[in-house]
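Asker: My questions all concern the structure below.
Please treat every number below as a calculation from the coordinates, not as lab data. The structure presented is a predicted model; accordingly, all values stated were derived computationally and were not measured. All Cβ positions, glycine included, derive from the backbone under ideal geometry; neighbour counts span all protein chains shown.
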Amino acid sequence: MKLFGVTGWKNNGKTGLMERLVAEFCARGLTVSTLKHAHHATDVDQPGTDSFRHRAAGAAEVVLASPNRVAIMQELRGAEEPSLTELLARMRPVDLILIEGFKRELHPKIEAHRAEAGKPLIALDDPTIRAVASDVALDLDRPVFDLEDTQGIADFIAAELSL
């Protein structure tokens, strides 16, 4: 499986870029999965549902299956967060996995950057960032794309990964 990441600081356009890239690559006929890291506590389940009640009762893993989707919720219960490698090993094979976050991992990435967010560029000190998608012109030693140039960014990623 081919991997490419979208990284950057909070409120710099990562999720919007991910969403557009998934749609673009799917339109090109590729199978795409995503993996997103969250630094905050998150729960995809809702209090009161049967699956929530199963987890609250102590289940280590709850699989929720329906005709439309399958959700697997695994409770860490104090165990260490799985590594990127461990998480990727759990995923079904696809043409491309787009990874949001995991900025310190070694896979190739594009950095989403918005000037108004006022955060420094990660790319300046990180060679795993192959390009930057920004809302302002930047003078860098790697390609810079307009943050909204989804097709150009997708073309770059496809070339980088030989897709």
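Asker: Given DSSP loops and a limit of at most 15 other Cβ atoms within 10 Å, what is the longest stretch of the chain that contains no such GluC sites (Glu not before Pro)?
Answerer: 1-74
Asker: For the chain, with a Gaussian network of springs between Cα atoms less than 10 Å apart, report the residue from 38, 117, 59 with the top mean-square fluctuation.
Answerer: So, out of 38, 117, 59, the one fluctuating most is 59.
Asker: Something else: Using the Cα centre as the reference, give the magnitude of the dipole from point charges on the C-beta atoms of the stretch 1-131 (Lys, Arg: +1; Asp, Glu: -1; all else neutral), rounded to the nearest 20 debye.
Answerer: Here the stretch 1-131 has a charge dipole of around 280 debye.
Asker: Taking the Cα centre of the stretch 5-163 as the origin and placing charges on Cβ (Lys, Arg +1; Asp, Glu -1), which of 37, 137, 120 is farthest toward the positive end of the dipole?
Answerer: The residue sitting farthest along the positive end of the dipole is 37.
Asker: Percent antiparallel among DSSP beta bridges with both residues in the stretch 1-123, to the nearest 5?
Answerer: So the antiparallel bridges in the stretch 1-123 amount to around 30 percent.
Asker: Which one, 47, 88, 78, projects farthest toward the positive side of the charge dipole computed for the stretch 35-119 from Cβ point charges (K/R +1, D/E -1)?
Answerer: Toward the positive end, the furthest listed residue is 88.
Asker: Can you give the FRET efficiency to the nearest 0.05 for residue 10 and residue 139, using r as the Cβ-Cβ distance and R₀ = 22 Å?
Answerer: Calculated value: 0.35.
Asker: With an 8 Å Cα cut-off and a minimum separation of 6 or more residues, compute the relative contact order for the chain in percent.
Answerer: 34
Asker: Calculate how steeply helix 14-27 sits against the longest principal axis of the alpha-carbon atoms of the chain, using the helix alpha-carbon long axis, and give the answer as 0 to 90 degrees to the nearest 10.
Answerer: Rounded to the nearest ten degrees, it is 90.
Asker: A further question follows. Residue 83 versus residue 27, label points 7 Å from Cα toward the beta carbon: distance in nm?
Answerer: In this crude label model, residue 83 to residue 27 measures out at 3.8 nm.
Asker: Another one. Take every Cα pair under 8 Å in the stretch 93-146 that's 6+ residues apart, average their separations, divide by the length, and report that relative contact order as a whole percent.
Answerer: 30
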